[in-house]
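I have placed the structure first, in the form of structure tokens, so that the comments after it can refer back to it.
The values are calculated or read from the model by the stated rules, or taken from the named source; none is laboratory data. Computed from a prediction, not measured in an experiment: that's the story for all the values here. Because the Cβ atoms are built from the backbone with ideal geometry, glycine has one as well, and the counts that use them run over all protein chains shown. With ligands, DNA and RNA removed, areas are computed over all heavy atoms of the protein, side chains included. Shrake-Rupley method; radii C 1.70, N 1.55, O 1.52, S 1.80 Å.
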Amino acid sequence: METLTSVETVLDWQAAAFAAGPTTAADRERAEEGVRAAYTAAGLTTPEEIVWVPSPAYGTFAAALIGGHREALEKAGLNEYLEPVLALLDPAAAGASVRDAVRTRPWERARTEISAELGPERWARAWAESGGRLWGPVNDLVSRVRRGIGDLVADDFATSSLLRAATLDAVLGQHDAPFLSLADTRGHLSGGLAAMAEIARTTGWWWPYERIAIVSERPLELHRDEPGRLHRGDGPALAYGDGFALHAWRGMPLPAGFIASLTDLTPERIRDEANAEQRRVMLEIYGYDRYLAESGAHPAHRDSTGVLWRIDLPGDEPIAMVEVVNSTPEPDGTYRTYYLRVPPGTQTARQGVAWTFGVEEHDYQPEKET
């Protein structure tokens, strides 16, 4: 089957989407040139000022101030965020947002041209080979950042909603990689999209207004697990230079300091944790096998394939695991025991082991187990 995109190009855009580290002087110069080129390509006068902020959170506060929400933000007790932003710019001098002109219209033109060039079926294939590969993890990260900004005032629904709405005024910079990868692989990265690509390769979110452009630096740190989820056990999984950060374990949002507080875990503390998601993190860190041994759990089923264990948890679905012994000895002659997480409705050990191989219980008949 014909390949409609370049794998190497998609991988380059994947690297750009998840790039992290200090913003260099060269990065700033390239990003600012890109911003001016984006305005020019849209037929706009270039911005009188390009203001740099250390994170999307500060860019969002700037956007909310420009949108006329200063009073609401001050009432919410957010002066510690507002004062640094007000020291950088005058909200009244920004003018109206020009996001549609610099981002939406160039992309719509490119999408129309690529669609006409390929037709509906080949368009869908081209997207699946390029932007579709990046969309899931990138969009998840964007959603997490937006949620994290709103959660700065999580107990104030109206202000939280206001901040999340302000994030929608941003051009996503490096997180526009899914769209840019498609345009790039199809040879449509020109004009306004070429300018957007230059910005995306060098920086994060940015907010374009008539007279001011607000540009956020990329994160200093970004940690993900093998499936691409935010994940870190000894600090923030995503961290910006101003302290805005997200903590996560295998993609699961966590409060700051949660992992560090788990040094004295016990089965009782795990069982008493009211938050089901945090309890699952506790179990994973503590070790399912250790929890089984120390909590007095009893096997639910036993057969030639292994032992099925079920951990009943208050207010949550049970955790089912199959204990199996590797038939291949270790170098020292011992046989290693493994615990395999299986669906909570598993009834037998064989059914659980079969599930890990993607087959039904009656189809699982290994000639030799390893």
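Before moving on, here are some points about what is shown:
- Relative contact order [Cα under 8 Å, 6+ residues apart], the stretch 79-172, whole percent: 26
- Total charge dipole magnitude, the stretch 212-370, about the Cα centre, Cβ charges on Lys, Arg, Asp, Glu only, Debye to nearest 20: 160
- Principal-axis tilt of helix 157-167 within the chain, Cα atoms, nearest 10 degrees: 70
- Here is the list for the stretch 273-364: trypsin sites (Lys or Arg not before Pro) lying in DSSP coil, each with at most 11 other C-beta atoms within 10 angstrom of its C-beta, are Arg336.
- The mean sequence separation of alpha-carbon pairs under 8 Å and at least six residues apart, normalised by the residue count of the stretch 199-288, gives a relative contact order of 16 percent.
- For the chain, the share of accessible area belonging to carbon and sulfur comes to 48 percent (1.4 Å probe, ligands and nucleic acids excluded).
- Here the Gaussian network model covers the chain, with springs between Cα atoms less than 10 Å apart; of Tyr335, Tyr39, Tyr288, Tyr335 fluctuates the most.
- Each part gets one Cα centre, and for the stretch 104-130 versus the stretch 149-192 those centres are 20 Å apart.
- Cβ-Cβ FRET estimate between Ser261 and Glu80, R0 fixed at 25 Å, reported to 0.05: 0.50
- Taking the stretch 1-151 and dividing mean pair separation by its residue count, relative contact order in percent (alpha carbons under 8 Å, at least six apart): 36
- Between the stretch 1-35 and the stretch 322-370, the Cα center-to-center distance that results, in Å: 43
- Backbone amide hydrogens, once placed in the peptide plane, bring Val342 within less than 5 Å of Ala320, Met321, Val322, excluding anything fewer than 5 places away on its chain.
- Taking Ser295, Ser181, Ser304 as the candidate residues, the one with maximal mean-square fluctuation in a Gaussian network model of the chain, Cα springs under 10 Å, is Ser304.
- Within the set (i) 23.2, 71; (ii) 19.4, 60; (iii) 25.4, 75, the number that Rg and Dmax of the Cα atoms in Å takes when calculated for this structure is listed as (iii).
- GNM top mover of Gln174, Gln351, Gln278 - the chain, alpha-carbon springs below 10 Å: Gln351
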